[in-house]
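To keep things clear, I will list the structure first and then write my remarks on it.
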Amino acid sequence: MNHFGKSFIGGRWVEPRGSQVFELVNPATEQPITSLRAGSVEDVDAAVKAARAAFPAFADTPVAQRLALLERIVECFQAREAEVLAAITREMGAPCSNKGMTGAAIDGFKAAHATLRDYRFEHVLGPNLVRREAIGVCGLITAWNWPAQLLATKAAYALAAGCTMVLKPSEFTPMTAHLVTEILDEAGVPPGVFNLVHGDGPTVGNAICRHPEVDCISFTGSTRAGVQIGEAAAATIKRVALELGGKSANIVLPDADLALAAEWNVTRAFSNTGQSCHAPTRMLVHESQVDEVLRLISAAVSRVRVGDPLDPATTMGPLVNQAQFERVQRYIRIGLDEGARLVCGGLGRPEGLATGYYVRPTVFADVTPAMTIAQEEIFGPVIAVLAYRTEDEALAIANGTPYGLGGYVFTRDAARGTAVGRRLRAGRVFLNGVPSNPMAPMGGYKRSGNGREMGPFGLEEYLEVKAMIGFPLPTDAG
């Protein structure tokens, strides 16, 4: 059993000074796969000092040099993509067929490269020159559900901006973080620019957020943790960008292709075993079409292949750990207790899977907007189907949760779909199941967070704005 406890500070792998040890298990087998020794407040301080020391020189690097660095990272990542995907499968149970786990990470670096290539760091505004400059040392805190992609997106844009950073990955996915750190080192990221400290939120995450030499925090995770991070960072007045939970609605308008909408909703909601903050876990259907849609959904669910994530035929693996398994079971029980009608799935493991954190793909009907399963993020493969009478009612239901991360619309009338999309209170809205775009800004309204990731808006989270007044204006500001 390998040990993944070392910190990466100042360009070197070093033993952490923390005493806490985690033992992680393979969620498909419930057998131990690795141990993790957590870092300490002292490790965080050492990492921040290394990042601070490296910042002036890296912030001054020409754009062409940072572009070349991002290109090398893509090359190194592609060479080790299979290795990273294998680690993700072992530590969080994502099927080996889910190439998006690593493909999205590589695309993140490519998108950061394209953004940096075209970005103008200076522009003239009236008689003034406005500059954008690297903000400084960034604290990056990532979740376990997309361990490579979340890490890559944050690191890529911080590097593009000329920032240095300290990463705390999830303690549930240390192998992925270790491998990506090796890739960054192999690609030639200068010592001190990227630093890694393993550990939990209360110790390592809290120390990063409170450290006076950290200039900004970028966090992806639960809304509950986001509140704690905002409170911890407030005392030092640092910038905080939060990408948090969601309860995304898919509004299926009456003229939509119902078969397409049902198939897509099941595929997208059950992707990554439902452990996705953008998952369309609420499907809103006109009351006259509910029975037909439920028939189509049931057929789509029957085609979901739950099982061993090492089997290429598997489309849905286990949940990440025992705690997540118990959480999803609790919400299914709540749905039953509150009177929702079980269409398929339900409590317990799928037939034939007695070991591993597998759950049954579950769909509820007769769900009302006030029910717990219609309001709270479950983070598992559970879909709630809600009926509506009018378009206004559908929008009220869709916007009637504390979240506003994603939204979806299905219709054959693009103009009508656009009008509905404009009224959805969500950071990303998709029409007819179009794929995500890594250049489009990602973030949420309300309790789904603040700030944005990806593309120019994501880059600017790592930049400060400076107004230069009365200075000579360049003729080619760019």
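Quick notes on this one:
- Criterion (surrounded by fewer than 22 Cβ atoms within 10 Å (Cβ to Cβ) and not in a helix (DSSP H, G or I)) met by exactly one of Ala299, Ala256, Ala313: Ala313
- When we screen Ala64, Ala87 for residues that are over 30 Å from Pro435 (Cα atoms) and modelled with pLDDT of 95 or more, the only hit is Ala64.
- Given (1) part of a helix (DSSP H, G or I); (2) touching a residue at least 40 places away in the same chain (Cβ under 8 Å), index of the condition Ala233 fails: (2)
- Residue in the range 37-47 that is assigned to a strand (DSSP E or B) and in contact with a strand residue (DSSP E or B) (Cβ under 9 Å, 6 or more places away or on another chain) present: yes
- Total residues in the range 342-361 satisfying the condition of being hydrophobic (A, V, I, L, M, F, W, C) and not in a strand (DSSP E or B): the figure is 4.
- In the range 224-240, the qualifying residues are those that are of a type in the set (Gly, Ala, Ser) and surrounded by fewer than 22 Cβ atoms within 10 Å (Cβ to Cβ), and the one that is farthest from the chain's Cα centre (by Cα) is Ala235.
- Within the range 437-461, the set of residues being in a loop (DSSP other than H, G, I, E, B) and modelled with pLDDT of 95 or more comprises Ala440, Pro441, Gly443, Gly444, Arg447, Ser448, Gly451, Arg452, Met454, Glu461.
- Of all residue pairs spaced 6 or more apart or on separate chains, those with beta-carbon atoms under 6 Å, a first member in the range 21-35 that is within 14 Å of Pro309 (Cβ to Cβ) and a second member that is among the small types (Gly, Ala, Ser) are Pro27/Gly93; Ala28/Gly93; Ala28/Gly356.
- Filter result for the condition that a residue is outside any loop (DSSP other than H, G, I, E, B), within 30 Å of Gly335 (Cβ to Cβ) and charged (D, E, K, R), over Glu393, Glu464: Glu393
- Of residues in the range 95-133 being more than 30 Å from Thr273 (Cβ to Cβ) and among the aliphatic types (A, V, I, L, M), the one surrounded by the most Cβ atoms within 10 Å (Cβ to Cβ): Leu116
- Within the range 121-143, residues that are in contact (Cβ under 8 Å) with a residue 24 or more places away in the chain have Cβ atoms under 7 Å from residues that are part of a loop (DSSP other than H, G, I, E, B) and among the acidic types (Asp, Glu) in these pairs: Ile135/Asp215; Gly136/Asp215; Val137/Glu213; Val137/Asp215; Cys138/Asp215, counting only partners at least 6 apart in sequence or on another chain.
- Among the residues of the range 187-212, those that are part of a helix (DSSP H, G or I), touching a residue at least 40 places away in the same chain (Cβ under 8 Å) and either touching a strand residue (DSSP E or B) at 6+ places or on another chain (Cβ under 6 Å) or surrounded by fewer than 24 Cβ atoms within 10 Å (Cβ to Cβ) (or both) comprise Gly201, Thr203, Val204, Gly205, Ile208, Cys209.
The values are calculated or read from the model by the stated rules, or taken from the named source; none is laboratory data. Just so we're clear, the structure is a prediction, and the values are computed from it rather than from any experiment. With ideal geometry, Cβ positions are generated from the backbone for all residues, glycine too; neighbour counts draw on all protein chains shown.
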